[in-house]
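This report refers to the structure that appears directly beneath it.
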Amino acid sequence: MKRIAWDDGLSISVAAIDEQHRQWIDNYNRVAAAIESGTQAPVTSTLGFLVDYTHLHFETERRFMTETGYPEMADHIARHEELERTVAGLVADYEEERETAALQEAVETLLGAWLIDHIGSVDRAFATYVRE
């Protein structure tokens, strides 16, 4: 599975959010490695961590958006809620089927690609608003 490497191109220049994005990427990479290794315990614990961390991260962003009066907050939160449902679905799929090629593809596509796209577009737009 493809790994994600943090680089300055992913920075949105909001320190607290950038740090959480780094943690999210680190844990995405752990899920990818655990799925590839076929070892059940790391996949289960890391997917569980991602569920919890995703919620924490989205609450942090929501707090920033509320404090700044971000006008696109409703759309941004809707995207977060969609990902939370997706992550919960991946956990359910894993619990039912364990490591499968479909799960690997879903993790890589739904989590990896979503994260890079979300940071590069939606989060960057929010950060621009915050800085202005």
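Points worth noting:
- Sole exception among (1) surrounded by fewer than 18 Cβ atoms within 10 Å (Cβ to Cβ); (2) farther than 28 Å from R131 by Cα for T46, by number: (1)
- Selection within segment 70-85 - of a type outside the set (A, V, I, L, M) and open to solvent by 50 Å² or more (accessible area, probe 1.4 Å): P71, E72, D75, R79, E81, E82, E84, R85
- Segment 1-43 - residue that is within 20 Å of H76 (Cβ to Cβ) and of a type in the set (D, E) and, of those, most open to solvent (accessible area, probe 1.4 Å): E19
The values are calculated or read from the model by the stated rules, or taken from the named source; none is laboratory data. Computed from a predicted structure; not experimentally measured. Cβ coordinates were reconstructed from backbone atoms using ideal geometry, including for glycine residues, and neighbour counts include every protein chain displayed. The area values use the complete protein model at the heavy-atom level, side chains included, leaving out ligands, DNA and RNA. Shrake-Rupley method; radii C 1.70, N 1.55, O 1.52, S 1.80 Å.
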